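Have a look at the structure below before the remarks.
We did not get these values from a lab; they are worked out from the coordinates using the rules stated. None of the values given here were measured: they were computed from a predicted structure. Reconstructed Cβ throughout: ideal geometry from the backbone, glycine too, with neighbour counts over all protein chains shown.
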Amino acid sequence: MLTLIKQANIFSPRHLGLCDLLIADGRIAQIDASIELQGENLSLEIIEANGRLLVPGYVDSLAHITGGGGEGGFNTRTPELQLHDAVRGGVTSLVGALGTDASTRSLGDLYGKARALTDDGLSCFMYTGSYEIPVPTLTGKVRDDIIFIEPVIGIGEIAIADHRGSQPCAQELARIASDARVGGLIAGKSGIVMTHVGDDPQQLGLLFQVVQDFSVPLSQFYPTHINRTESLLEEGMEFARRGGSIDFTASTTEHILAMGEVRASEALARALEAGVPDNCLTISSDAQGSLPHFDEHDRLDGLDVGSISSIHEEWVRAVSQHQVAIPTALAAVTRNPARTIGLKRKGEIAVNMDADFNLLEPGSYAINSVMSRGRWLMRDGKITAKTAFDY
């Protein structure tokens, strides 16, 4: 089956204007001002986009696909991610991670969920490890997990500057990063170290120390939650100026914002205004992760759940409220995370890239349709993707 999208307003994320787009075998085969196909017995589906925006499928570099939480007891464990929620949120590629709890949740379960989401139509990858050190793995070695287990692209979330982490020293973190780097080099993957950053005053100090004292490039680390506080945002921008990528968390609550967090959309706008290179900035959802808030004694006093749809909401807010250009805002949720985590055929609308895209309504940017690897997962607002339990 060939699919021909007619007259879509394409953002690659660079603005290409009104074009036709041809999809074959799950890849983008051609982009042109006008594409006409002729031939008998041609299996062809033609879709009239009617000027809708066609943008890359969102790439979510951090989602707790098997659930997270548990900081308030067993009944505060958050639920796992549902396929339909990801589709409605326009996310076609994502990376699953464990978090605080690697005791009652396992990497085996994470692997199974990643494979299930991929079988159901998304492209789902995973990080080995969790908040804690020594690092939990599937094979016994970080390096071997990355080399031998296909969905594993790196390690994370390793927690720093957080009372829930294992308080690693620079040498421990350097060894972990080096193992991940070598595994990535051998397997042709990023070997990225997704790093959870808490609200301790140490902030990114440990990462700067590792880079200063050991032969580990700064770009090997990918710190997230950089919009947690004003001061962390400032330090994160310095990290990006030195050549690293930083990630803003889209999921938040009014309570957490009142405690000092900066919205991801505002953090993106402020970083751009400060002259941070736009290709160093990403936004992830932290979907299904718990959004805990603690009192002055570090006691849990509230808990919410991250939403995968927050990625779409935040890039739209960046455009509509903070006057960020559409291509720049889109890049933060498509091309930039794909490049940072090493997904070579994701995050862009270009020939030979995977046919992952969203059709958006002009003006409102509401998601009308979603395609992943050449397969429709949502058409005209109706979910068409099915799991084994949908009849």
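Tabulated values for the structure
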read-out	value
Cα centroid separation - the range 1-37 against the range 353-373, whole Å	12
The chain, helix-only ellipticity at 222 nm - DSSP H runs n ≥ 4, -39,500 (n - 2.57), divided by all residues, nearest 500	-8000 deg cm²/dmol
0 to 90° range, to nearest 10: angle between helix 107-119 axis and the chain longest Cα axis	10
Cut-off under 5 Å, modelled amide H: who pairs with Ser285 long-range	Ser61, Leu62, Ala250
Cut-off under 5 Å, modelled amide H: who pairs with Leu291 long-range	Asp304, Val305, Gly306
Cα-based reach from Lys386 at 15 Å (exclusive), listing aspartates and glutamates while leaving out same-chain residues under 8 positions away	Asp85, Asp119, Asp120
By average C-beta atoms within 10 angstrom, highest first, the peptides 48-55, 72-79	48-55, 72-79
Ratio of the Cα radius of gyration of the range 57-341 to 2.2 N^0.38 Å, where N counts its residues	0.90
Likely footprinting exposure, Met371, Met1, Met237, fewest C-beta neighbours within 10 Å first	Met1, Met237, Met371
Fraction of beta bridges assigned by DSSP in the range 172-322 that are antiparallel (%, nearest 5)	40
Distance between the range 247-297 and the range 147-223 - C-alpha centres, whole angstrom	20
Using alpha-carbon coordinates, inclination of helix 310-322 to the longest axis of the chain, degrees	80
For the range 57-341: relative contact order, % (alpha-carbon pairs under 8 angstrom, 6 or more apart)	19
Relative contact order computed over the range 118-213 (Cα-Cα under 8 Å; 6+ residues apart), in percent	29
Likely footprinting exposure, Ser364, Ser285, Ser310, fewest C-beta neighbours within 10 Å first	Ser364, Ser310, Ser285
